[in-house]
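Reviewing the structure listed below.
No lab work stands behind these numbers, since they all come straight from the coordinates. The shown structure was predicted, so the numbers you read here are calculated from the model rather than taken from an experiment. Cβ placement follows ideal geometry from the backbone for every residue including glycine, while neighbour counts extend to all protein chains displayed.
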Amino acid sequence: MGVMEDVRAGASAAWRLAEGATLREVIDVGAPAAWTGLDAGVRAETTYYSPFQVVAWEHSEGGRALTASLRKGAPLTASQLAVALCHRDGRVRAAALDQVDGCPEVLPLVVVRCADWAEPVRDRARRRLEELLDTERAVTLLPVVLRVGRRERGGFAAGLVEGLLRGAPRDVLTRLSTDADRAVRRYGCRLAVEQRLLTPAELAHAAARDTDAVVQTLYADAVLAAARRSGAYDDVLGPLLGARSPRVRSAGVTALRPAGRPRDALPFLTDRSGLVRACARYVVRQGGTDPLAWYRTRCAAPDDPALPPGAAIGLAECGQRADAELLWPLLAHPAAAVRAQAVAGLRVLDTADVRRLWPLLDDPAPGVVREVTLAVLPSAELVPGEWLAERLDAGWPRHVRLAAFRLLLVRGEALRQRALLAFRDDPDGLLRERAARAALR
């Protein structure tokens with residue numbers, strides 16, 4: 001949800017809390033946005049966030065009971081306390097902080113109050129948080145702490161929590177570094193790396209396992225630093241080189257050089273990732289092998305069914321315009337991936353001849369047609385307009401129809417309108433959507 005939706009949800013929750021509903025019934029207590037939304041929503045009852053709620057929650061039956069309890073200084077229920085901690089009156093928020101001792105479920109709102117705009121409320125909230133916080137609660141509150149920490153006065157709670165977690169046992173940081181919440185996981189991984197709690201092998205496996213790019217980079221950099229310090233690369237290269245993430249594989253390839261195994265980088269010259277290919281070229285070059293000569297040798301056999309697709313684009317990435325002569329024969333290779341990368345290589349070398357490429361817009365492989373479209377697009381006027389218009393018909397494969405549509409959009413107004421009309425009522429929902437978006441543009 002966006003900020004407006006969070007506040008609307010908080011405004012609705014305020015009514016239900018004032019009427020006695022429990023926190024778990026009205027908000028997702030594990031979502032930090034729910035707490036900040038409730039904080040804003042309690043004060044937004046009569047604003048544009050809730051235009052149909054004319055009467056503020058204070059004037060409801062539950063709201064009047066809450067106000068009476070506040071005046072008498074009577075103990076508040078958890079629901080009433082949550083609303084009071086978000087009250088528009090700073091004196092009410094400050095008074096509510098005195099009742100949070102036996103109500104741990106409202107501690108996220110104490111964290112929010114630590115960044116309060118009113119200094120007396122802010123100072124009291126910070127004292128209460130210092131009194132009530134322990135390691136377990138720091139772990140529980142971390143998602144809210146990280147969210148509030150982005151605010152102008154939000155650094156106090158973040159510093160307090162970090163002070164506790166830096167001395168936490170390893171199993172606590174392990175919980176954080178495997179948490180489903182991305183911000184929490186990044187935080188836990190950073191602490192684990194800074195305190196060197198994981199062995200190089202554990203770091204390598206964690207880098208290969210995690211799906212978040214920030215965490216992958218954090219762990220991969222830590223692996224390389226640890227391996228340089230110890231000189232032990234055998235335990236980390238396997239997980240790194242076998243990882244799905246290009247960032248992690250590139251770290252593994254880079255580590256082959258200090259490990260004294262530059263020849264092991266040769267297979268990665270044709271990796272599907274450009275980053276990994278670039279790292280592999282550096283490593284094999286440092287090991288005395290010319291990657292350009294290696295690419296030329298591989299691409300000189302256009303009929304080789306085992307030719308890796310990355311050889312064609314790799315040749316283009318480090319080759320010269322004259323190397324395009326090795327790429328043109330690959331347009332007839334039986335493997336679609338090789339044909340697609342050959343077209344991409346011609347584009348990289350700036351040698352894509354539209355007159356030779358546009359017939360490949362009929363290729364049965366969508367990947368090839370996508371690459372041909374990109375190569376042809378700057379000179380789309382060289383492709384026969386009627387030939388493209390024929391491929392708008394429903395009898396052609398979707399990827400061919402999409403390529404023709406995209407190329408016709410950059411032609412004259414007559415061909416453009418013909419393409420838009422052809423897809424306006426097409427049975428294929430994707431094609432209708434593309435036409436509608438193009439018409440709006």
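Computed extension length for ARG170-ASP362: 63.3 nm, one decimal, from 0.36 nm per residue of separation with the Cα-Cα distance subtracted. Distance between the pseudo-spin-label points of THR217 and LEU374 (7 Å out from Cα toward the beta carbon): 2.2 nm.
Between segment 283-305 and segment 157-233, the alpha-carbon centres lie 38 Å apart. The mean sequence separation of alpha-carbon pairs under 8 Å and at least six residues apart, normalised by the residue count of the chain, gives a relative contact order of 6 percent. A dipole drawn for the chain from +1 and -1 charges on Cβ atoms has a positive end, and of ALA435, THR199, ALA44 the residue lying farthest that way is THR199. At an R0 of 56 angstrom, the distance between the Cβ atoms of ARG137 and GLU413 translates into a FRET efficiency of 0.30. For the chain, a Gaussian network of Cα nodes joined below 10 Å ranks ASP116, ASP210, ASP393 by mean-square fluctuation, and the top entry is ASP393. Among GLY395, GLY20, GLY310, which one moves the most in a GNM of the chain with springs linking Cα atoms closer than 10 Å? In the Gaussian network model the winner is GLY395. Loop-located chymotrypsin sites (Phe, Trp or Tyr not before Pro) across segment 101-204 with a Cβ neighbour count of 11 or fewer within 10 Å are TRP117, with loop assigned by DSSP. Could you check the simple spin-label distance between ARG228 and THR178, using points 7 Å along Cα→Cβ, in nm with one decimal? Using points 7 Å along Cα→Cβ, the separation is 3.0 nm.
For the pair GLU390 and ASP428, what calculated FRET efficiency results from E = 1/(1 + (r/R0)^6), where r is the Cβ-Cβ distance and R0 = 22 Å, to the nearest 0.05?
So, using R0 = 22 Å, E works out to roughly 0.80.
Calculate the FRET efficiency for ALA335 and ARG272 from the Cβ-Cβ distance with a Förster distance of 22 Å, rounded to the nearest 0.05. Calculated transfer efficiency: 0.95. When only the Cβ of Lys, Arg, Asp and Glu is charged (+1, +1, -1, -1), the dipole of the chain relative to its Cα centre reaches about 680 debye.
From the Cα gyration tensor of segment 218-355, with a ≥ b ≥ c the square roots of its eigenvalues, which class applies: rounded if a/c is under 1.5, or else prolate if a/b is larger than b/c, or else oblate? The shape class here is prolate.
Computed 3J(HN,Hα) for segment 339-350, one whole-Hz value per residue from the Karplus formula 6.51 cos²θ - 1.76 cosθ + 1.60 where θ = phi - 60°, is 4, 5, 6, 5, 5, 4, x, 4, 5, 4, 7, 6, glycine and proline marked x. Listed values (i) 57, 36, 14; (ii) 52, 31, 19; (iii) 39, 29, 22 include one computed from this model; for semi-axes √(5λ) of the Cα gyration tensor in Å that value carries the label (i). Annotation: amide H-H contacts under 5 Å for THR178 (H modelled 1.01 Å from N, sequence separation of 5 or more, or interchain): none.
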